[in-house]
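The values are calculated or read from the model by the stated rules, or taken from the named source; none is laboratory data. Fair warning: this is a prediction, and the values are worked out from it, not measured in the lab. Because the Cβ atoms are built from the backbone with ideal geometry, glycine has one as well, and the counts that use them run over all protein chains shown. Side chains included, ligands, DNA and RNA excluded: accessible areas come from the protein's heavy atoms. Shrake-Rupley method; radii C 1.70, N 1.55, O 1.52, S 1.80 Å.
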Amino acid sequence: MITELTIKHDQGMNWQQRFTHTSKQYHLYIMTYGRCSFTYDDVTIMAAKGDFILTPQHATIIEETPHRTIHQKFSYQFTALDELYQMLPMLQSTSVTHSTSGLFDRTMETFRPIWSEYGEDHTYTSVRASSFLLDTLALWQRELDRGELAPASIIHIDRMKAYIQSHYREHITKEHLGDYIRRSPNYVANLFKKGTGQTISEYIHSIRMKTAIYMLSQSVLTITEISDYLGYTDVSYFQRIFKRTYGKPASKYMDDRRSNGG
């Protein structure tokens, strides 16, 4: 469904780039820091962290950062085959598709292990990258079809995320979050998945794994101690989640720390 996929990590100040798409050729951008504008047919869109941008086929696009502004983003240039083109309305659009997506955290967690392999000589990385892009486009299209969440729903989701970020080492369930925002457990589970693309459990694991990376690289704790600190009573379960998230065992990061004198 996808050919000629190239992934880049763009960053810098006073950035400017111009390119022209051919038939069925697109760029998907995911902004991770700062701001960057995208101009097409005299229409300029300003994007910031958490924004997804898809530029259309046959388009000449100018990317620019505002004066003295640093930005970071991932760009995915690809060509869509006819089957995918017919499936996704966003690919048929003649204008830039842009939204602040609730899928941002979920997307970056999924992409992180793929990016760590990209550009290296790992078998099947291109297959994983293509699969990631298809999944991201499909989920984003689903989000666009659904429309924007009501302001009250966004507030509930933000409150739940903030609660999890403050209590991620604890055992958190949909019942806990339901009590916190005064809604039913099933309501909070469905709303959280709709707004973030992740289940409550997946979001908790993602926060724990970010902390695990830091602790494995910077602390003097053992894997068992880190597992216990993060709320995993079973260290083998922690190691499975870690490898599934980053594509490498936790021991690899521990070995790197030792080799660097940590």
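Over the Cα atoms of segment 131-262, the radius of gyration divided by the Kirkwood radius equals 1.05; this is the Rg/Rh ratio. Taken along the Cα-to-beta-carbon direction at a fixed 7 Å, the label points for Y187 and L5 span 3.9 nm. By the Kirkwood approach, averaging reciprocal distances over each pair of separate Cα atoms, segment 157-227 gets a hydrodynamic radius of 13.0 Å. In a reduced charge model with +1 at each Lys and Arg Cβ and -1 at each Asp and Glu Cβ, the chain shows a dipole moment near 620 debye about its Cα centre. Surface composition of segment 21-62: carbon plus sulfur atoms hold 49% of the accessible area, using a 1.4 angstrom probe and ignoring ligands, DNA and RNA. Here is how the number arises for the chain: DSSP H runs of 4 or more residues each give -39500 (n - 2.57), the sum is divided by the residue count, and the result at 222 nm is -15500 deg cm²/dmol.
Each label was represented as a point 7 Å from its Cα along the Cα-to-Cβ direction; for T199 and H167 these points are 2.0 nm apart.
When the Cα positions of L216, Q198, L177 are compared along the charge dipole of segment 177-262, Q198 comes out farthest toward the positive end, with charges on each C-beta of Lys, Arg, Asp and Glu. Working value for segment 193-262: equivalent-ellipsoid semi-axes of 23, 12, 10 Å, each the square root of 5 times a Cα gyration tensor eigenvalue, largest first.
Remark: segment 200-209, residue by residue, has Karplus-estimated 3J(HN,Hα) of 4, 4, 4, 5, 4, 4, 5, 5, 4, 5 Hz, where x stands for each Gly or Pro and the curve is 6.51 cos²θ - 1.76 cosθ + 1.60 at θ = phi - 60°.
When the Cα gyration tensor is reduced to axis lengths a ≥ b ≥ c, the ratio a/c is 1.5 or higher for segment 89-161, and with a/b not above b/c it is classed as oblate. Entry for segment 3-69 at q = 0.14 Å⁻¹: log10 I(q)/I(0) = -0.40, Debye formula applied to identical alpha-carbon scatterers, no solvent contribution.
Counting every pair of alpha carbons in segment 73-118, the share spaced more than 11 Å apart comes to 78 percent.
Once both axes come from the Cα atoms, what is the angle between helix 104-117 and the longest principal axis of the chain, in degrees from 0 to 90, rounded to 10? Tilt of helix 104-117: around 90 degrees. A full extension of the chain between S219 and I45 corresponds to an added length of 58.4 nm, given 0.36 nm per residue minus the alpha carbon distance.
An ellipsoid equivalent to the chain, defined through the eigenvalues of its Cα gyration tensor, has semi-axes of 33, 24, 18 Å when rounded to whole angstrom and sorted largest first. Tilt of helix 151-167 relative to the longest C-alpha principal axis of the chain, in degrees (0 to 90, nearest 10)? Once rounded, one gets 40 degrees.
Report the rotationally averaged projected area of segment 9-116 based on its alpha-carbon convex hull, in square nanometres.
Convex hull of Cα atoms, orientation-averaged projection: 6.9 nm².
Of the GluC sites (Glu not before Pro) found in segment 48-153, those that fall in a DSSP loop while having at most 12 other beta-carbon atoms within 10 Å are E120, E148.
Comparing Cα centroids, segment 1-46 and segment 164-219 end up 32 angstrom apart.
Report the FRET efficiency, 1/(1 + (r/R0)^6), for I155 and T60, where r is their Cβ-Cβ distance and R0 is 45 Å, rounded to 0.05. Walk me through the numbers on the way to the answer.
On the way: r = 40 Å, r/R0 = 0.88.
Efficiency computed from Cβ-Cβ geometry: 0.70.
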